[in-house]
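Below is one structure, written out as structure tokens, with a few remarks after it.
The values are calculated or read from the model by the stated rules, or taken from the named source; none is laboratory data. For clarity, every value in this text was computed on a predicted model and none was experimentally measured. Note that each Cβ is placed from the backbone with ideal geometry, even for glycine, and that neighbours are counted across all protein chains shown. To get the accessible areas, we keep the full protein, side chains included, count just its heavy atoms, and leave off ligands, DNA and RNA. Shrake-Rupley method; radii C 1.70, N 1.55, O 1.52, S 1.80 Å.
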Amino acid sequence: MIKQKAAILLIVMLFTSRFMTLSCIEKLHITIVGTGYVGLVTGAGLAEIGNRVTCADIAQDKIEALRQGVIPIYEPGLEELVARNVQAGRLDFTSNVDEAIEQADVIFTAVGTPMGEDGSADLKAVKMVAENVAAHMNKYKIICTKSTVPVGTGAWVRQLLEAKGVKSDMFDVVSNPEFLREGSAVGDFLHPDRIVIGTESDKAQEIMASIYAPMVESGIQILFTNIPTSETIKYASNAFLATKISFINEIANFCKAVGANVYEVAKGMGMDKRIGALFLNPGPGFGGSCFPKDCHALVYMADKNKIPVRVIKAALKANEYQKTLAVKKLKRMIGSLEGKTVAILGLAFKSNTDDVRYSPAISAIKALLDQGAKVIGYDPAAQKTMQFVFPLGTIEYAQTAYQALENADACLIMTEWPEFKNLDLGLMSNIMKQRVLVDMRGLIDPEKAQEQGFKFFGFGRMSMRSILSGFYID
Ligand code: UGA
């Protein structure tokens, strides 16, 4: 009889606790601290799938602009996503971070973690958010890290809160890394390959699952794991992709030497499901704020733990070499660069973004200026951002690709913007001083370039005719 009563009580308790959790979940309020690129896309994306979200940031001007519907970054589809969710009452913006943290059940940390000289990550902003959460602990909260942070940060955040006197049952720490690519971040958020949640708490796991429930119900995979594993998944994924790019870049250089076609090689490799077709595009080297930073951070953490990571180090080294290639090839084609005018088409580290951080175009421009060349840059989106690196006067900026090409001795294509694929080679050959073209993104058909009399460098897409005629430069 006693056993029966205990069983009934247990069922009632389980039912009630589940019901209570679910009813709490329904009223969940999410606050994103840090409304930069990751924070804004995450906030708008979480709102889009039905959550109530506040995006907070100490930068008042940015918040004011967002309230007016002005998006501070170039990201296709983001403006519409933000507008739709603001209008639906699911998304708002505030510069009162304290208040936003106070009202939150779940706080996503999406602040910057810049890389130090030695590859370490600067966690000042993460610490500030944790301390702010500790100071506004008015109810149970989840503190969930979206920023890419060194492995062990979750445990460190827990210690920070406990050291501030917050009781351990008042909060949980979660790691939920982002896998957004600049330029396609909205699609990446709404249709990810996977969602990774690192936590050691069942309660936090249930709440996080409820936040992403609409996606999981639509078939998207969710992986629950512990915090250090989740933190490592982020670094390992980026380092693997960076290695894949360095690998195909080396194969591209090899193809060039032996007359093979790297695009066909990549296609043939990619048909093997174990390899996969994506991220096998050769180019001028990987750039952006993530791959270089995260590879260096992983090397730094591994060195600290005395674990050799030779493959990742080699991927970084190969990338440094790849970034020198464009100007080296150009020099072989036109000789001394002193006094030559070079048009650089594409300044952003990739297309569909205005971001120039670690852009291979920067390395190329520096090398050209060092060798006495005059540079005219053009990019459909990154003209302004590049001016922070090369102010007007150090290089020139053109308003169109053809304006950049007028009277140029050479053209260097560094970014895969679609408009460069359709360049009118006939027009180019008429307006350029010399017909010299280096295509680091595989956009131009070498045969067509040849027809227009261009000296051309591109990655292995040579026909035997071109090879035999000595038209290609290796
Ligand atoms: C990268 C990852 O792809 C995202 O999953 C991750 O969330 C993000 O870093 C991050 O950690 O925040 P992102 O740096 O925006 O995203 O851009 P990618 O599309 O990955 O390109 C990175 C670099 O690799 C670019 O310079 C691009 O041109 C180059 N790349 C990419 C190639 O040279 N070849 C390829 O096949 C693909």
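State whether the residues of segment 59-81 include one that is within 16 Å of the ligand (Cβ to nearest atom), part of a helix (DSSP H, G or I) and either modelled with pLDDT under 95 or open to solvent by less than 30 Å² (accessible area, probe 1.4 Å) (or both). Yes, that holds for at least one residue.
Among the listed residues Pro177, Pro192, identify the single one that is within 16 Å of the ligand (Cβ to nearest atom), under 16 Å from Val38 (Cβ atoms), in contact with a strand residue (DSSP E or B) (Cβ under 8 Å, 6 or more places away or on another chain) and modelled with pLDDT of 95 or more. Result of the check over Pro177, Pro192: Pro177. Of the residues making up segment 272-287, those that are at positive phi and surrounded by fewer than 22 Cβ atoms within 10 Å (Cβ to Cβ) are Gly276, Phe279. For segment 421-446, the tally of residues that are touching a helix residue (DSSP H, G or I) at 6+ places or on another chain (Cβ under 7 Å) and either open to solvent by 10 Å² or more (accessible area, probe 1.4 Å) or at pLDDT 95 or above (or both) stands at 14. Note on segment 348-381: residues that are more than 17 Å from Cys290 (Cα to Cα), touching a residue at least 60 places away in the same chain (Cβ under 8 Å) and assigned to a loop (DSSP other than H, G, I, E, B) total 1. Residues in segment 207-227 that are open to solvent by less than 60 Å² (accessible area, probe 1.4 Å), in contact with a helix residue (DSSP H, G or I) (Cβ under 9 Å, 6 or more places away or on another chain) and within 18 Å of Asp172 (Cα to Cα): Ile207, Ala209, Ser210, Ile211, Tyr212, Thr225, Ile227.
Scanning segment 303-324 for residues that are open to solvent by less than 10 Å² (accessible area, probe 1.4 Å) and under 13 Å from Ala239 (Cα atoms), we see that the one that is farthest from the ligand (Cβ to nearest atom) is Ala315.
Considering (1) under 30 Å from Glu406 (Cα atoms); (2) charged (D, E, K, R); (3) at pLDDT 95 or above, the lone condition that Arg332 does not fulfil carries the number (3).
With respect to (1) modelled with pLDDT under 95; (2) of a type outside the set (Val, Ile, Thr); (3) more than 26 Å from Leu40 (Cβ to Cβ), the lone exception for Glu162 is condition (1).
Any residue at all in segment 142-151 that is at pLDDT 95 or above and open to solvent by 40 Å² or more (accessible area, probe 1.4 Å)? Yes: one or more hits. Considering segment 352-388, and only residues there that are among the small types (Gly, Ala, Ser), within 16 Å of the ligand (Cβ to nearest atom) and open to solvent by 20 Å² or more (accessible area, probe 1.4 Å), the residue that is nearest to Asn249 (Cα to Cα) turns out to be Ser363.
Listed by first and then second residue, the pairs with beta-carbon distance under 9 Å, at least 6 apart or on different chains, first residue in segment 413-425 and more than 15 Å from the ligand (Cβ to nearest atom), second part of a helix (DSSP H, G or I), are Glu419/Ala401; Leu423/Ala401; Leu423/Tyr402; Leu423/Leu405; Asp424/Tyr402; Leu425/Lys448; Leu425/Ala449; Leu425/Glu451. Counting only residues that are under 26 Å from Met115 (Cβ atoms) and either away from the ligand (no atom under 11 Å from the Cβ) or not in a loop (DSSP other than H, G, I, E, B) (or both), how many does segment 247-300 have? Matching residues across segment 247-300 total 14.
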